[in-house]
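A.B. asks: Sharing a structure with you now.
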Amino acid sequence: MQNEKLRIYIEGTLFAAIAMILSLIPIGIGSSFSVSLGTIPLTFFAIRRGMLPGLFAGFLWGILHVVAGTAYILNIYQFIIEYGFAFTCVGFAGYFSQTIIKNIKENSLSSAKKYLIITTFIGSAARWFWHFLAGVFFFGDYAVWGLDPITFSLLFNGASMLATIAVTIIVLVLLFDRASSMFVPKSKN
């Protein structure tokens, strides 16, 4: 049992590293809009292994931004919100993990796919919430076109997260359609 937990958390560390590598691919327009490709492997991992391991891997992904020097840190509060809470929250994509795995095992693939889409939205929306707050409180001074901080953060962070959700859902559904069994971890029985 202890070895299995260790294996899950080592797997989570590897997925966090993959997410970080994908985060280095420049897919953005300006400084306010980007598609977060790292969300794809983190969401896959959270669905495959569950919410707690997903939260762990998401936290590591946030910390890796700091280690890699790609984090933009204004102060400790913004750091905690964006690199502590926000990235960790991608792990909420594991909320329906057991339901998805159960549906795959029972060959109820349309139901599993529905939950995959819902849970991807949950994890990404949870992450977006924290980036939205940081945008309002820490980046509101950078609002363009005379927008107030709330509208600015809603538009720019919201557009990025909607694009990220769409790309993540497309990739995971394509992966699911080709090999749904990849979402089910092998059991040691």
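The values are calculated or read from the model by the stated rules, or taken from the named source; none is laboratory data. Source: prediction; values computed, not measured. Every residue, glycine among them, receives a Cβ derived from its backbone with ideal geometry; neighbour counts consider all protein chains shown. SASA here: full protein model, heavy atoms, side chains in, ligands and nucleic acids out. Shrake-Rupley method; radii C 1.70, N 1.55, O 1.52, S 1.80 Å.
A.B. asks: Report the normalised scattering of region 106-147 as log10 I(q)/I(0) at q = 0.14, 0.32 Å⁻¹, calculated by the Debye formula with identical scatterers on the alpha carbons.
C.D. replies: At q = 0.14, 0.32 Å⁻¹ the computed log10 ratios are -0.51, -0.98.
A.B. asks: Moving on to the next point. Collect residues whose amide H, placed 1.01 Å from N in the peptide plane, falls under 5 Å from the amide H of Ser34; neighbours closer than 5 in sequence don't count.
C.D. replies: Amide H neighbours of Ser34: Ile29, Ser160.
A.B. asks: Same structure, new question: Take the chain, connect every pair of alpha-carbon atoms lying under 10 Å apart with a spring to form a Gaussian network, then pick out the residue of Trp61, Trp145, Trp128 with the largest mean-square fluctuation.
C.D. replies: Looking only at Trp61, Trp145, Trp128, the largest GNM fluctuation is found for Trp145.
A.B. asks: A further question follows. Mind checking the dipole of region 72-189: about its Cα centre, +1 per Lys or Arg Cβ, -1 per Asp or Glu Cβ, Debye to the nearest 20?
C.D. replies: That gives a dipole near 760 debye.
A.B. asks: Could I ask something else about it? Give me the percent of the accessible area of the chain that comes from carbon and sulfur atoms, probe 1.4 Å, all protein chains in place.
C.D. replies: On the chain, the fraction of accessible area on carbon and sulfur atoms equals 69 percent.
A.B. asks: Please tell me the relative contact order of region 1-122 in percent, rounded to the nearest whole number, where contacts are Cα pairs under 8 Å and at least six residues apart.
C.D. replies: Relative contact order of region 1-122: 26 percent.
A.B. asks: Hey, for a label at Asp141 modelled as a point 7 Å past Cα toward Cβ, could you say which residues of region 60-80 have their backbone N under 19 Å away?
C.D. replies: Inside the label zone: 72-80.
A.B. asks: Now a separate question. Treating cross-link reach as a plain straight distance, find the aspartates and glutamates whose alpha-carbon is under 13 Å from the alpha-carbon of Lys114, omitting any fewer than eight places away in the same chain.
C.D. replies: Result set, ordered by chain and number: Asp177.
A.B. asks: Taking every pair of distinct Cα atoms and averaging 1/r, then inverting, what Kirkwood hydrodynamic radius in Å comes out for region 132-189?
C.D. replies: Computed over Cα pairs of region 132-189, the Kirkwood hydrodynamic radius comes out at 14.0 Å.
A.B. asks: Here is a follow-up. Over all directions, average the projected area of the Cα convex hull of the chain and note it in nm².
C.D. replies: 11.0 nm²
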